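A short write-up of the structure that comes next.
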Amino acid sequence: MTFTSQKPSSCFDHLWIGARFSGYYRIFDNEGRSFKVYCDLTSDSTAAWTLFMSEKTPGLGVFRASALSIDKPTNEDNPNWNLYRMSLSKMKQLRSRSSHWRVTCSFQTDGVVYRDYVRAKIADFDPINFMELRKCKRVEYINVRGHSCADCDVAWWQDNNQMLHHDSSFIGCGWDASSGAVASEDNFGFYLSSNRNFRCTMLADSTTNYWFGSYLK
């Protein structure tokens, strides 16, 4: 990715022009209007990540039945960890300016921890357009309760009634994280069935955080 506009349209653009601290920044939508986002510019010095959704989990389950392709802006002008989601149009704008997406657990207290974490290339796995059940998709890296693999295929679920998630009790796609799983365990979203040993659902104030990002070349 390269910076192509005088008006930053992602956190990557802020990194490109010299920003080096994580925090709240303003970026511009396609109509030239600015809005506030949270940027992670420090967990990886070669990458910038823009938060586009976050929810306390287990919590109200506001996004449980809302696929990422559904327009459900929530606290859009107030990015926060407990209940936040961009509009679909803004998510699509960020996707167009990004090469990767990732999910972190409790970033607000722990930063990036690679236990209970997933990262994928958008070219391999587009989280917005994906609408399948138990479909094998390539991820760049995944860790669920200490089970990990890199450049591997993992089963994912998402439809109009289910937020994007992985079920680690399912053995398939060449991936097995079932040891220590609970029945129909949901990871990285949905959470109809959750495991207290998974960091995103470990505590009452645990959160799940979704990001789009890009790397410097």
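The values are calculated or read from the model by the stated rules, or taken from the named source; none is laboratory data. Note that the structure is predicted; figures quoted are calculated from it, not measured. Cβ coordinates were reconstructed from backbone atoms using ideal geometry, including for glycine residues, and neighbour counts include every protein chain displayed. For the accessible areas, the whole protein counts, side chains as well, though only heavy atoms, and no ligand, DNA or RNA atoms are used. Shrake-Rupley method; radii C 1.70, N 1.55, O 1.52, S 1.80 Å.
Looking for something of a type in the set (D, E, K, R) and over 20 Å from the mean Cα position of the chain (by Cα) - is there at least one such residue anywhere in the stretch 171-181? Yes; the residues of the stretch 171-181 include at least one that is of a type in the set (D, E, K, R) and over 20 Å from the mean Cα position of the chain (by Cα). Screening the candidates 204, 123 for the property of being modelled with pLDDT under 95 and within 26 Å of residue 49 (Cα to Cα) yields one hit, 204.
Where strands (runs of 3 or more DSSP E) fall entirely within the stretch 110-217, those with at least 1 residues that are open to solvent by 50 Å² or more (accessible area, probe 1.4 Å) are at 117-121, 135-144, 147-159, 207-215. Residue check: is residue 144 under 30 Å from residue 9 (Cα atoms) and either touching a Ser or Thr at 6+ places or on another chain (Cβ under 9 Å) or not β-branched (Val, Ile, Thr) (or both)? So residue 144 fails the test. When 199, 138, 119 are checked against the criterion of being in contact with an Asp or Glu (Cβ under 9 Å, 6 or more places away or on another chain), touching a residue at least 24 places away in the same chain (Cβ under 8 Å) and of a type in the set (D, E, K, R), 199 stands alone in meeting it. Under the condition of being in a loop (DSSP other than H, G, I, E, B) and closer than 21 Å to residue 192 by Cβ, the residues counted in the stretch 54-92 number 16. For the stretch 15-30, filtering for residues that are open to solvent by less than 40 Å² (accessible area, probe 1.4 Å), in contact (Cβ under 8 Å) with a residue 60 or more places away in the chain and touching a helix residue (DSSP H, G or I) at 6+ places or on another chain (Cβ under 9 Å) leaves 1.
A quick yes/no check of all residues on (1) under 13 Å from residue 212 (Cβ atoms); (2) open to solvent by 50 Å² or more (accessible area, probe 1.4 Å); (3) in contact with a Ser or Thr (Cβ under 9 Å, 6 or more places away or on another chain):
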residue: 32; (1), (2), (3): no, no, no
residue: 43; (1), (2), (3): no, no, yes
residue: 46; (1), (2), (3): no, yes, no
residue: 53; (1), (2), (3): yes, no, yes
residue: 77; (1), (2), (3): no, yes, no
residue: 83; (1), (2), (3): no, no, yes
residue: 89; (1), (2), (3): no, yes, no
residue: 99; (1), (2), (3): yes, no, yes
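The set of residues in the stretch 187-213 that are over 13 Å from the mean Cα position of the chain (by Cα) and polar (S, T, N, Q) comprises 193, 194, 195, 197, 201, 206.
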